[in-house]
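See structure below.
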Amino acid sequence: MNYFQIFGFAAQFELDVHKLAELYQTLQKKVHPDKFAHASSQDQLVAVKKSTLINDAYQTLKNPLKRAQYLLVLRESDQPNEQASFSDNSFLMRQMELHEMLDDVKHADDHEAAISSYAEVLNSGSQELTFEMHKLLDENTIQSNLLAGDNLRKLKFYQKLRVDLDKLEDQLFDD
């Protein structure tokens, strides 16, 4: 049983995260290990395994990037690892630009404005890639899944930059 089936969803990128959360709570209440405190050790072990599986499924499906990656794994789409170099030279250039922009935030006169502006650039780029990845995943062809995987790696890059920006913001305003 795959993670989508656990919650009764079709294996697709788009899903109702509010319904997912509700179903998660309902399922966890049914199998929570505390309900099996007086059961046999085998029943307790089964409850722990079910609870863990439901939790893993929920954590994967609630996060759009993890959900996309899981979907590509289910589709047996060959995906190079995150460190694989991109053949997309324009994105390599974009990566360098984004790193330079992050460095510029450190040296800006108005840190708050620079952080806000950079965050907007990251959000915009992420939204475009997510929209495109969503369309590609909906197509569900060998080629579209490979392209969706490329977008997924790009989105992970944006996600890492967002983490770097958050760390920088903490550094700049902790002083």
TODO: State whether one or more residues within the range 5-15 are acidic (Asp, Glu) and farther than 18 Å from Tyr70 by Cβ.
DONE: no
Task: Test set (1) of a type outside the set (Lys, Arg); (2) buried (at least 17 other Cβ atoms within 10 Å of the Cβ); (3) free of Cβ contacts under 8 Å to residues at least 60 places away in the same chain - Asn145 fails condition number - done: (3)
TODO: Can you give me the number of residues within the range 149-162 that are at pLDDT 95 or above and more than 12 Å from the chain's Cα centre (by Cα)?
DONE: 2
Open item on the list: Pairs please, first residue from the range 1-18 and within 18 Å of Lys30 (Cα to Cα) and modelled with pLDDT of 95 or more, second anywhere and surrounded by 11 or more Cβ atoms within 10 Å (Cβ to Cβ) and among the hydroxyl-bearing types (Ser, Thr, Tyr), Cβ atoms under 6 Å, 6+ apart in sequence or on different chains.
Closed with: Tyr3/Thr60
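In contact with a Pro (Cβ under 6 Å, 6 or more places away or on another chain) and either at pLDDT 90 or above or over 22 Å from Asn151 (Cβ atoms) (or both): does that describe Val73? Break it down into steps so the answer makes sense when it comes.
Details: in contact with a Pro (Cβ under 6 Å, 6 or more places away or on another chain): no; either at pLDDT 90 or above or over 22 Å from Asn151 (Cβ atoms) (or both): yes.
Criteria not met by Val73.
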Task: From the options Lys62, Lys30, residue that is free of Cβ contacts under 8 Å to residues at least 12 places away in the same chain, among the charged types (D, E, K, R) and either out of contact with any His (no Cβ under 9 Å at 6 or more places or on another chain) or surrounded by 15 or more Cβ atoms within 10 Å (Cβ to Cβ) (or both) - done: Lys30
Open item on the list: Quick check on Tyr118: is it within 13 Å of Gly149 (Cβ to Cβ), part of a helix (DSSP H, G or I) and aromatic (Phe, Trp, Tyr)?
Closed with: no
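The values are calculated or read from the model by the stated rules, or taken from the named source; none is laboratory data. Please read these numbers as outputs of a predicted model, since none were measured by experiment. Here the Cβ is made from the backbone with ideal geometry for all residues, glycine too, and neighbour counts use every protein chain on show.
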